[in-house]
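The structure appears right after this line, and notes come after that.
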Amino acid sequence: MTPMVSDPEAPAAAVAADVRRAERTDRVVSLVQRQGALAVLVVVVLVATASFPNFRSFDNAATVLVAAAPLALIALGMTFVIITGGIDLSVGSLYVLGGVVSAYASQWGVLPAFLAPLVICGLVGVLNGILIAYTRMAPFIVTLAALLGARGLMRAISDEGSTTYLVQSDAFRSFGTGSFLGIGYPVWLVVVVFALGMVLLARTRFGHSVYAVGGSEDAAALMGVAVRRTKVWVYVMSGLLAGLAGAINAAKLGSGVTVLGIGLELDAIAAVVIGGTLLTGGAGTITGTIAGVLLLGVIQNMINQVGNVPSSYQQLISGGFLAVVVVAQTYLAKLRRVT
Amino acid sequence: MTSESVATRPGVDLARIKAWLPAYGVYAAIVLLVLYNVAFTPNFLAWGNLRIQLIQVAPVVIVALGMALVIGTEGIDLSVGSVMALAAALIPLYLGYGVIAAILISLIAGVLVGLVNGTLVARVGLQPIVATLALFVGGRGLALVISGGQLKDIGNDDLIFLGSGDFLGLPMLVWIAALLVLVVAFIVRRTVFGRRLLAIGGNRPATELAGVPVKRVLITVYVICSVLASIAGLLAVARIQSSDASAVGLLIELSAITAVVVGGTPLTGGRVRVLGTVAGALLMQLVVATMIKHNLPSSSTEMVQAAIILIAVYAARERKSR
Amino acid sequence: KSEDGDTPAAGGAANSAGAQVAQSAAPGVPTCTLEQFGGSKVDLKTAKIGFSQSEKEANPFRIAETKSIRDEAAKLGIPSANLQTTNANSQFNKQISDVEQMLDSGVQLLVIAPLNSDGWDSVFAKASAKKVPIITIDRKINATPCKDYLTFIGSDFEEQGKRAADKMAAALGNKGSVAILLGAPGNNVTTLRTKGFKDQIAKIAPDVKIVFEQTGQFSREEGQKVTEQLLQSKSDINGIYAENDEMGLGAQVALTGAGKKAGDVKIVSIDGTKGAVKAISDGWFSSVIESNPRFGPLAFETATKFFNGEPIPADIIISDREYDESNAKTDLASAY
Amino acid sequence: MALLEVVDVAKEFPGVRALDGVSFALRPGEVHALVGENGAGKSTLIKVLTGVYQPDGGELRYRDEPVRFGTPMDAQRAGISTIYQEVNLIPLMSVAHNLFLGREPRTRLGLLDEGRMYREAGEILRRYGVTTDVRRQLGTLALGAQQMVALARAVMIDAKVVIMDEPTSSLEPREVETLFGVIRDLHAQGIGIVYVSHRLDELYRICDTVTILRDGRVVHTGKLAELERIRLVSLMLGRDMSAVRREGFTGFTGEHATAADAAPVLEVTGLTSRHKLHDIGFAVRPGEVVGLGGLLGAGRSETIKAIGGAYPVDSGTVAVGGKELKRPTTVRAVRAGIATQPEDRKAEGIVPGLSVRENIALAVLPRLSRFGLVSDRKIDEIVRTYMDRLQIKASGPDQRVGDLSGGNQQKVLLARLLATRPRVLLLDEPTRGIDVGAKAEVQSLIDELAGEGLGVVLVSSDAEELIEGADRVVVLRDGAVVGELRGADVTTEALLETIAAAAVVEDSGDQ
Ligand SMILES: Nc1ncnc2c1ncn2[C@@H]1O[C@H](COP(=O)(O)OP(=O)(O)OP(=O)(O)O)[C@@H](O)[C@H]1O
Ligand SMILES: Nc1ncnc2c1ncn2[C@@H]1O[C@H](COP(=O)(O)OP(=O)(O)OP(=O)(O)O)[C@@H](O)[C@H]1O
Ligand SMILES: [Mg+2]
Ligand SMILES: [Mg+2]
């Protein structure tokens, strides 16, 4: 009663070795995939440095960084939201609303100028979060409504956008334009907030709940993750960060400009996705988002360095670049061949 | 289409109304808004007024039809506005060869954009929102490059007839939109393609394993969406009698998505409500018209729109069921 | 008065058609010299110059504006590599960083068409540190001339609104109901053109009632849509004030669609594009107040004078033409 | 004294009374079997016990105190640990993170102590026979290994009650033994266990007490040993004993009549896919059921998918009826007559939002249509045929498949496959998670289809099913064929022996 055993040794051992090798390459490829945006950023920066003498200058770098600060904050919030599998379209409107509110509140001092936009945008975030978490309406549509609502609110408090509140506090103003070690305060703020964000996402239970909710909402609930609370919090964070971005921008511009922010949500989404975060949720990194934000800024800077690119070509180039980066990302990800 | 209601006890029962509301909430909202206008807006029921509302909603409806199909596959297409701009930019360039040639060229542009979007989604495997974001940004740039940024007046009578002429008492625009609604409804209900599209939205891996050529179907869906958008683009040109690549179709992707979702099509795919989409577009049109007629500022229009979207979608949201 | 600036500079010669003319500065207006400003003399022919455009070159005004700057630079023999241009695509933050990046790259003169009048603090901080003079064109910036920036060249938008009101009142015989097609909300141009128009109407023609004001977003399509709605609810409207030509042209299409004849509803608009001026000849528009975009010559002339040490007035207000039946045909060439 | 108890609970879903006056008590140190047909309400009862659902009526008592669990977390904190029916972990997160989610070890600063987490995770999982890198994404593990992670997660905490909803449905005999070892340990510690399974022999091996649910009601509670197997089944199904006895337990009848010299309908040669499959080859003749045996991760599912065109291969050929498939894709495979039933019914099988009708017709639409327009008449005909033939229980062809019970979903899937009139059927775990009644029906259906001349490839973790159903068993290990059982050799012992032999060879090769 001996079953026919065909020589098992060779193939089995070979496969086992194969599997080990596969796991090693998996890890390398996964690193490149996760940090793919960083790799692309390095390449782009090298190219820019070689081609444009001005690109190298410290001032130019500082300007690019300061300009990227608001988008960076917004993209940070968006990263959390997208990792939970959601999306927040309201950030562009909240950013403008935050700026207007901040400029208005600056008449009472620096602290109100920061707090007022945080409170108002945070409240909209709470509303978004509650509607999404408790009524199971699609995040896309809830935050689309919030986009309209927040813009309407901004117009309503600024006399249909025609009143621009000027920043009254010189201290607040100098926060926007001043610098430390040659680099603007907003950039330092962004660095601190990002560091906190990274710790929060990677090293706390909340951060892991965020991943879990995005990975599988039902499973996370059954494993005892507070799914709804996590969701509410990410939208609150996103709202708060959009408000903060609005505040630092108001400080920089010295006024609550009302004609900003159209389409900023899409820039933020693009930055996050370029950074390797999956729109389906469950995976993503903050370092990737930083790289994504900087990539967008550097590309814009390069277009400016060229000097005379007509406006229509600028858009064409941005679109093409976006496509190339995202396609490259996807191919890197595919190499992982997860089954 | 597949919403079966549970047999319930006779008499006035809430369950029946509850089951009915999600599917027909939009229609109820339209009725309410019309009643309000009849009472408070002078001249609302005049044919001229109704006509204008139909004309204005037609391009949104056309774009939303394509969007509904894409959303049915659990996708989304942000590039529709740029496609409209591309179509608009191409029209004046080729009008010299006749209206037909110009229309064909802009439709071909739609096909090409659809192929790119579809390929990125189906073959490369990009998330639809990102795949179409590239053309959302780049497409309008291309349109501006093509048109040289110049707004061009259109003097071609045949084209203008499409935009503002009447046929059998109804504007051409409305005829065309109605025809497209019927075509899309027919596609969804009666064709193999329609069933496959819904299955992909319902469960893509399963549909793939069932031997359905998923990639081909997806690419076709994006092509249809883009072609519909380019039709909307050329109709917009015909209607405003000029081609302005920088303005045409601006932000229409949001209006179209709103119409689709307010009309009861879930963003999660697997179902498409064609008539609901039309109703969704009409509802949003009526909201804007009402606000304009009462001369309210744009801030309040936006806030009312936000509220209506939330209410409509809340009423239509899927109850959790597994 | 506003009628003075009517005669174009040299009239006739095609290349100078429609060139800007500065109103003679009133005595006592503060001026600014290179010394006061604190910068150093720069030779324009070899200097690095930056031009920041606010909106896409996709409407007649912006196209003409950018072209005028480039053409004038070429005419003065400035190598094109020395003229750096950026376009903010209507994103204000982009314009700010565009300008800052140009400052970093060492431009010695900045010409800016600002998207917004406020919000330039960070730019001024940087520019004044480097002593780079800024000439703002078409839109004014709310800041201190000769300190934050050198001077403003452009039209007086409020004045344009007032002149439109004069024209409207005249066309309606000081009686009737008027609708305003507002520009994009939040835009300074919108605000000022609205204010000027309303104030002046209240002052000179109290029987002209403003019964409707809705935004047409400065676009022809929106102008058409809003007018269509307007005509359905207020069919007895007598006049439409469009805050730019595009919306006026959209209104014209809507009027045609509603079966109105040319002249049934008086249209007054601002800008002076070819399409609108032609519409006067066709009888659809009553008049068009010009807002001249050809800033190149005046901007470079001002810069040259400034670097030569001449005093520059804080505001250089150009005298805009206006078009009506009397000159629409003959002056069509000077429309843009 | 009861540890965990419900009295007279009711739970209603729109249109379904899932629980109707159910009372159930679990005593310390007891292994309590909970059985019933698909849709009887077992999972619902468990979810009521653990705070996933709030009961519409009745009382929940824990250690003789009335309690209310608002969320699964509340139940967990109280010491009730659960392994839910569908593996409910987060595929994109690492194994260790899944194991510790919600109770991660923390440093003094309140930050996660990842080093400790990875170390401990590795140690814990080794006890359950999972030796993988704990930093790996959970989703890259086979279902069985994932199930073991879920088990480890559930038992890890200081639980008073452990609830297991069909824990063995994706486990191999070896893992099942590990699991039973764990259950015995828990039992010895006085922990109460609720155990749900459709595999009767398992119940008799480890359970003390049984509660039988039918249509949301308790029809019997008592000592399991005192309940004859046949009576258990008849209580579950609500049919009388003689009928059950007549029909038997498995639906298989034994050998199929296959001409030994008939040309094979399916020939697989040299199938290779990097890291996963290594030179796999076998043939299936018409009317033959070929089983694929092996342990978890042996590559059976990949083999099935590769043949069906759904898994990329680097080399190798698949031929149907002697004709080789060029560049296989699912579309070409279906066209050539290969029908694949995937392992994961929910993720890759049914389209839950569509009706029974649409699901059955999905693969054959082109045949039921002209010029791209579907013919409702033809579809109705086919749907009716298969709903009758497979006895699909649904309120009608328009019912959403997502609302059907597991067994009926499986039948709908089979109907879809059969409607393509395939020549080869590839079945991956066709009876996973379906009740004894439905299982027998599906099994006899497989028999019947083979009888009609189809070639069938059958994968099953249920050794009994594999042995009784297959005429021949090809044994895989680590993606390679390591043996084949034919004729009289097709026995459970021989199967285990072959797997073990290969394992020994490999283990020694590893040192
Ligand atoms: N979330 C839900 N919404 C609607 N109906 C549900 C839901 N969950 C379960 N049901 C229904 O309740 C009944 C009991 O389902 P349950 O999952 O408890 O069965 P089960 O005994 O676990 O079956 P199986 O052996 O197939 O796992 C079924 O008719 C099922 O369709
Ligand atoms: N006990 C285990 N520990 C760690 N990894 C495992 C274990 N069992 C399987 N795996 C891994 O899971 C992966 C997928 O296995 P695969 O899907 O090929 O299994 P299968 O033969 O189809 O099993 P099934 O019987 O579930 O169908 C393989 O990469 C394998 O290395
Ligand atoms: Mg169950
Ligand atoms: Mg398997």
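Go through the stretch D:7-52 and give me each residue that's part of a strand (DSSP E or B) and farther than 27 Å from D:ASP201 by Cα.
Once the filter is applied, which keeps residues that are part of a strand (DSSP E or B) and farther than 27 Å from D:ASP201 by Cα, the stretch D:7-52 yields D:VAL7, D:ASP8, D:VAL9, D:ALA10, D:LYS11, D:GLU12, D:PHE13, D:VAL16, D:ARG17, D:ASP20, D:GLY21.
Any residue at all in the stretch D:79-89 that is away from ligand 4 (no atom under 16 Å from the Cβ), facing another protein chain (nearest Cβ under 8 Å), in a loop (DSSP other than H, G, I, E, B) and modelled with pLDDT of 85 or more?
yes
Looking at the stretch A:118-141, which of its residues are touching a residue at least 12 places away in the same chain (Cβ under 8 Å) and facing another protein chain (nearest Cβ under 7 Å)?
Once the filter is applied, which keeps residues that are touching a residue at least 12 places away in the same chain (Cβ under 8 Å) and facing another protein chain (nearest Cβ under 7 Å), the stretch A:118-141 yields only A:PHE140.
Failed condition for C:GLY77, given (1) without any contact (Cβ under 8 Å) to a residue 60 or more places away in the chain; (2) of a type in the set (Gly, Ala, Ser); (3) within 9 Å of chain A (Cβ to nearest Cβ); (4) not in a helix (DSSP H, G or I), with all others met?
Of (1) without any contact (Cβ under 8 Å) to a residue 60 or more places away in the chain; (2) of a type in the set (Gly, Ala, Ser); (3) within 9 Å of chain A (Cβ to nearest Cβ); (4) not in a helix (DSSP H, G or I), only one is false for C:GLY77: (3).
In the stretch B:26-51, what residues are among the small types (Gly, Ala, Ser) and in a helix (DSSP H, G or I)?
B:ALA28, B:ALA29, B:ALA39, B:GLY48
Do the conditions hold for B:ALA206, that is, is it crowded, with 22+ Cβ neighbours inside 10 Å, of a type in the set (A, V, I, L, M, F, W, C) and in a helix (DSSP H, G or I)?
For B:ALA206, the condition - crowded, with 22+ Cβ neighbours inside 10 Å, of a type in the set (A, V, I, L, M, F, W, C) and in a helix (DSSP H, G or I) - is met.
Among what's in the stretch D:306-329 and is free of Cβ contacts under 8 Å to residues at least 40 places away in the same chain, surrounded by 22 or more Cβ atoms within 10 Å (Cβ to Cβ) and assigned to a loop (DSSP other than H, G, I, E, B), pick the residue that is farthest from ligand 2 (Cβ to nearest atom).
D:PRO328
Would you list the helices (runs of 4 or more DSSP H) that sit entirely within the stretch A:1-106 and hold 3 or more residues that are in contact with a helix residue (DSSP H, G or I) (Cβ under 6 Å, 6 or more places away or on another chain) and modelled with pLDDT of 65 or more?
A:36-51, A:58-83, A:91-105
Please go through the stretch B:132-147 and pick out each residue that is over 11 Å from A:LEU266 (Cα atoms) and among the hydrophobic types (A, V, I, L, M, F, W, C).
Of everything in the stretch B:132-147, those that are over 11 Å from A:LEU266 (Cα atoms) and among the hydrophobic types (A, V, I, L, M, F, W, C) turn out to be B:LEU135, B:LEU142, B:ALA143, B:LEU144, B:VAL145, B:ILE146.
Checking D:GLY122 against (1) over 27 Å from D:GLU429 (Cβ atoms); (2) open to solvent by less than 50 Å² (accessible area, probe 1.4 Å); (3) more than 13 Å from ligand 2 (Cβ to nearest atom), which single condition isn't satisfied?
(3)
Return only the number of the condition from (1) facing chain A (nearest Cβ under 10 Å); (2) over 21 Å from B:GLY249 (Cβ atoms) that C:ILE204 does not satisfy.
Condition (1) is where C:ILE204 drops out.
Can you tell me which residues in the stretch D:144-158 are open to solvent by 10 Å² or more (accessible area, probe 1.4 Å) and more than 16 Å from ligand 3 (Cβ to nearest atom)?
Passing the criteria: D:ALA145, D:GLN146, D:ARG153, D:VAL155, D:MET156, D:ILE157, D:ASP158.
Just name the residue that is nearest to the other protein chains (Cβ to nearest Cβ) out of those in the stretch B:238-289 that are small (Gly, Ala, Ser) and on the phi > 0 side of the Ramachandran plot.
Across the stretch B:238-289, the extreme among qualifying residues is B:GLY270.
Within the stretch A:200-215, track down each residue that is surrounded by fewer than 23 Cβ atoms within 10 Å (Cβ to Cβ) and at the interface with chain D (Cβ under 7 Å from one of its Cβ atoms).
Correct list: A:ARG203, A:THR204, A:ARG205.
Being under 19 Å from the mean Cα position of the chain (by Cα) and either under 16 Å from D:GLU302 (Cα atoms) or open to solvent by 20 Å² or more (accessible area, probe 1.4 Å) (or both) is the filter here, so list the residues in the stretch D:464-480 that pass it.
D:GLU464, D:ILE467, D:GLU468, listed by residue number.
Have a look at D:GLY139, D:GLY144 and point out the one that is more than 9 Å from chain A (Cβ to nearest Cβ), over 16 Å from A:HIS208 (Cα atoms) and within 16 Å of ligand 4 (Cβ to nearest atom).
Of the residues listed, the single one that is more than 9 Å from chain A (Cβ to nearest Cβ), over 16 Å from A:HIS208 (Cα atoms) and within 16 Å of ligand 4 (Cβ to nearest atom) is D:GLY144.
Determine the pairs where a residue that is within 14 Å of chain A (Cβ to nearest Cβ), located within the stretch D:191-220, has a partner that is within 16 Å of ligand 4 (Cβ to nearest atom) and open to solvent by less than 10 Å² (accessible area, probe 1.4 Å) with Cβ atoms under 9 Å apart, the partner being 6 or more residues away or on another chain.
From the stretch D:191-220, no pairs qualify.
Do you know which of the residues in the stretch D:432-452 that are open to solvent by 10 Å² or more (accessible area, probe 1.4 Å) and part of a loop (DSSP other than H, G, I, E, B) is farthest from ligand 3 (Cβ to nearest atom)?
Across the stretch D:432-452, the extreme among qualifying residues is D:GLU452.
So, in the stretch D:33-59, how many residues would count as being more than 16 Å from ligand 3 (Cβ to nearest atom) and crowded, with 19+ Cβ neighbours inside 10 Å?
2
Have a look at C:VAL111, C:VAL29 and point out the one that is more than 14 Å from every other protein chain (Cβ to nearest Cβ), closer than 16 Å to A:ASN304 by Cβ and not in a helix (DSSP H, G or I).
Just one listed residue meets the conditions, C:VAL111.
What are the pairs with Cβ atoms under 7 angstrom where one residue, in the stretch B:158-186, is surrounded by fewer than 18 Cβ atoms within 10 Å (Cβ to Cβ) and the other, located anywhere, is among the acidic types (Asp, Glu) and assigned to a helix (DSSP H, G or I)? Sequence gap at least six, or different chains.
Going by the 7 Å Cβ cut-off, there are no qualifying pairs.
Does D:GLN399 qualify as being away from chain A (no Cβ under 14 Å), open to solvent by 10 Å² or more (accessible area, probe 1.4 Å) and within 16 Å of ligand 3 (Cβ to nearest atom)?
It is false that D:GLN399 is away from chain A (no Cβ under 14 Å), open to solvent by 10 Å² or more (accessible area, probe 1.4 Å) and within 16 Å of ligand 3 (Cβ to nearest atom).
Considering only residues that are away from ligand 4 (no atom under 12 Å from the Cβ), outside any strand (DSSP E or B) and within 13 Å of chain A (Cβ to nearest Cβ), which ones fall in the stretch D:265-305?
D:ARG274, D:HIS275
In the list B:VAL111, B:VAL124, which residue meets the criterion of being surrounded by fewer than 23 Cβ atoms within 10 Å (Cβ to Cβ) and more than 8 Å from every other protein chain (Cβ to nearest Cβ)?
B:VAL111
How many residues are among the hydrophobic types (A, V, I, L, M, F, W, C), more than 30 Å from D:GLY41 (Cα to Cα) and open to solvent by less than 40 Å² (accessible area, probe 1.4 Å) when one looks only at the stretch D:101-119?
2
The values are calculated or read from the model by the stated rules, or taken from the named source; none is laboratory data. As the structure is a computational prediction, the values presented were derived from the model and not from experiment. Methodologically, a virtual Cβ is constructed for each residue, glycine included, from the backbone with ideal geometry; neighbour enumeration extends over all protein chains shown. Note: accessible area is taken over every heavy atom of the protein model, side chains too, but ligands, DNA and RNA are not part of it. Shrake-Rupley method; radii C 1.70, N 1.55, O 1.52, S 1.80 Å.
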